[in-house]
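The values are calculated or read from the model by the stated rules, or taken from the named source; none is laboratory data. Bear in mind the structure is a predicted one, so any value in this text is a computation, not a measurement. Note: ideal-geometry Cβ built from the backbone for every residue, glycine included; neighbour counts use all protein chains shown. Calculation scope for accessible area: heavy atoms of the full protein, side chains included, ligands and nucleic acids excluded. Shrake-Rupley method; radii C 1.70, N 1.55, O 1.52, S 1.80 Å.
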Amino acid sequence: MFRFPKKQKIRGHEAIERLFANGKSISESPIRVIWNFEENNDNISLKAIIVVSKKRVKLAVDRNIIKRRIKEAYRIQKRQLELALERNNQQLNLAIIYQEEDIKDYKLLEQKINLLLTRLITNI
């Protein structure tokens, strides 16, 4: 139930380019979310990618810490979004982008991701 398997990750250069070229976005500091609807080819309703820029966060150790925190918060809260997409038989590609230079606390990231995902559900 609360997993983030490989099938739910966006893979492929073309899919990522389509997402960033055609996607809509919402932002809540320090996180920005870009989403795009795709054809539901493989019965997966939600695919995501987590981005932490090397330009903003220089050390790989710090980038990995941020990615782990975002991934955990997303993994726990994604179920409501999956249910909304399954009802409509849609596939959503989602990019979660971290936009700060310093490492934020897990609780803050969890609150912001929850806020962004609830906004996203209302936009669908």
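Taken over region 46-100, the criterion of being among the acidic types (Asp, Glu) and not in a helix (DSSP H, G or I) is satisfied by Glu100 alone. Report yes if Leu120 is modelled with pLDDT under 95, open to solvent by less than 10 Å² (accessible area, probe 1.4 Å), of a type in the set (A, V, I, L, M) and outside any helix (DSSP H, G or I), otherwise no. No. Applying a threshold of 6 Å to beta carbon distances and a minimum spacing of six or more residues, or different chains, the list of pairs starting in region 81-97 at a residue that is within 26 Å of Arg68 (Cβ to Cβ) and ending at one that is crowded, with 18+ Cβ neighbours inside 10 Å and among the aromatic types (Phe, Trp, Tyr) reads Leu92/Trp35; Leu94/Trp35.
If you go through region 19-45 and keep only what is part of a helix (DSSP H, G or I) and under 13 Å from the mean Cα position of the chain (by Cα), you end up with Leu19, Phe20.
For region 17-47, residues that are among the aliphatic types (A, V, I, L, M) and farther than 16 Å from Ala84 by Cβ total 4.
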